[in-house]
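Below is one structure, written out as structure tokens, with a few remarks after it.
The values are calculated or read from the model by the stated rules, or taken from the named source; none is laboratory data. Not measured: the values here are computed from a predicted model. Glycine also receives a Cβ, built like all others from the backbone with ideal geometry; neighbour counts cover every protein chain displayed. Only protein heavy atoms, including side chains, enter the accessible area calculation; ligands, DNA and RNA are left aside. Shrake-Rupley method; radii C 1.70, N 1.55, O 1.52, S 1.80 Å.
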Amino acid sequence: MNSPLRVGIAGVAHVHAAGYINETANIANTELVGIWDPSPELAQNVASRHQVRTYSTLEGLLADIDTLIIASENAHHHAIAMAAVAANIPTLCEKPLATTVADAQAMVDAFAAAGVLLGTAFPVRYSPAIQRLRATIAAGTAGETLLIRATNRGTFPGGWFGSPELAGGGAVMDHTVHVADLLRYIWGAEFVSVYAEVATRHYDIPVDDCGMLMITLNNGMVVSLDPSWSRPTPSFPTWGDVTMEITTMQGVISVDVFGPHVDLYSNRRGKGIWAGYGVNLDHLMISDWLDAVRNGTPAPISGVDGLRTVELVAAAYRSAQSHRPEAV
């Protein structure tokens, strides 16, 4: 039997970090070696909750692992990734890949030059609804896609997500990239231009919390996307949504990625919640990544995939300033 694949997690400030820790620890023939975070206090708190080892330095963690998952604040992705590639460690990075196009491009270039895998965490690709939609579009039975109305609305996560320095932006930075990745994944198209209106209306924070994007792709499709943190915190029963209404020559296809749920009322939580059921997207994504590392195959969702969505976000923020469509 092969030795377990040794996994480390660098940065645990992201809301997905706990899920990545739990899923990595539960995948066969995999060992979660430990975690590191720029904040020793945060690392220790997370380690205590999950019963994992902490490392005092990133270099120490990198020396003990076969692959890395980055789940830090957005602004730290670039520096952590560059340390990982210098140590020849295949790295799966939380979205967005970086807060600037220049940093994302530098990451992609460095990993390509070193011949080391770089992946971007886009778990929504693994949704059964998305897989069925992709197969339907590929089969051509729906006819030509004309336009799409999409949403990735959610609640404000709080904390560092409201910091321009750590997050690199607000709702548009946080919630554009999932749908953006799906557009490229399903339709095989690239972004041409975007018109965006962006504002802060729901919270007293120094980043945007709402916006609307009109995206044009090189296959002629036009897509509207609402990435707003417009769901009330903390009363809303779930974190948010990913939906698409696709108008084609043969009709309309509606997709609600997180639609399957039950209503759960709990005194422990103090509010009703929508408890999702079905497949665990994080588990499927991490398992796929680890298989690629084990087998030496290409990253299932590459650094270039992450870069393309960062390019769209950057163009959207430029458009919000110019109030004109901007090239991607």
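Numbers for the structure displayed
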| item | result |
| --- | --- |
| Scope region 97-142; condition in contact with a Ser or Thr (Cβ under 6 Å, 6 or more places away or on another chain) and either free of Cβ contacts under 8 Å to residues at least 40 places away in the same chain or in a loop (DSSP other than H, G, I, E, B) (or both); matching residues | L97, A142 |
| Residue tally, condition surrounded by fewer than 17 Cβ atoms within 10 Å (Cβ to Cβ) and assigned to a helix (DSSP H, G or I), over region 9-41 | 5 |
| Residue in region 257-293 that is least open to solvent (accessible area, probe 1.4 Å), counting only those that are among the β-branched types (V, I, T) and over 21 Å from the mean Cα position of the chain (by Cα) | I273 |
| In region 240-256, residue nearest to A171 (Cα to Cα) [restricted to those that are aliphatic (A, V, I, L, M) and open to solvent by less than 20 Å² (accessible area, probe 1.4 Å)] | V242 |
| Subset tally (residues that are open to solvent by less than 20 Å² (accessible area, probe 1.4 Å) and on the phi < 0 side of the Ramachandran plot) for region 157-190 | 19 |
| Subset of region 200-222 (residues that are in contact with a strand residue (DSSP E or B) (Cβ under 9 Å, 6 or more places away or on another chain) and crowded, with 19+ Cβ neighbours inside 10 Å) | D208, D209, C210, G211, L213, I215, L217, M221 |
| Any hit, region 69-85, residues being of a type in the set (D, E, K, R) and either within 16 Å of I286 (Cα to Cα) or free of Cβ contacts under 8 Å to residues at least 40 places away in the same chain (or both) | no |
| Residue count for region 294-315, restricted to those that are assigned to a helix (DSSP H, G or I), surrounded by fewer than 20 Cβ atoms within 10 Å (Cβ to Cβ) and out of contact with any helix residue (DSSP H, G or I) (no Cβ under 8 Å at 6 or more places or on another chain) | 2 |
| Strands (runs of 3 or more DSSP E) completely within region 219-286 that count 1 or more residues being on the phi > 0 side of the Ramachandran plot and of a type outside the set (V, I, T) | 251-256 |
| Filter pass, A113 being open to solvent by 40 Å² or more (accessible area, probe 1.4 Å) and either in contact with a helix residue (DSSP H, G or I) (Cβ under 6 Å, 6 or more places away or on another chain) or hydrophobic (A, V, I, L, M, F, W, C) (or both) | yes |
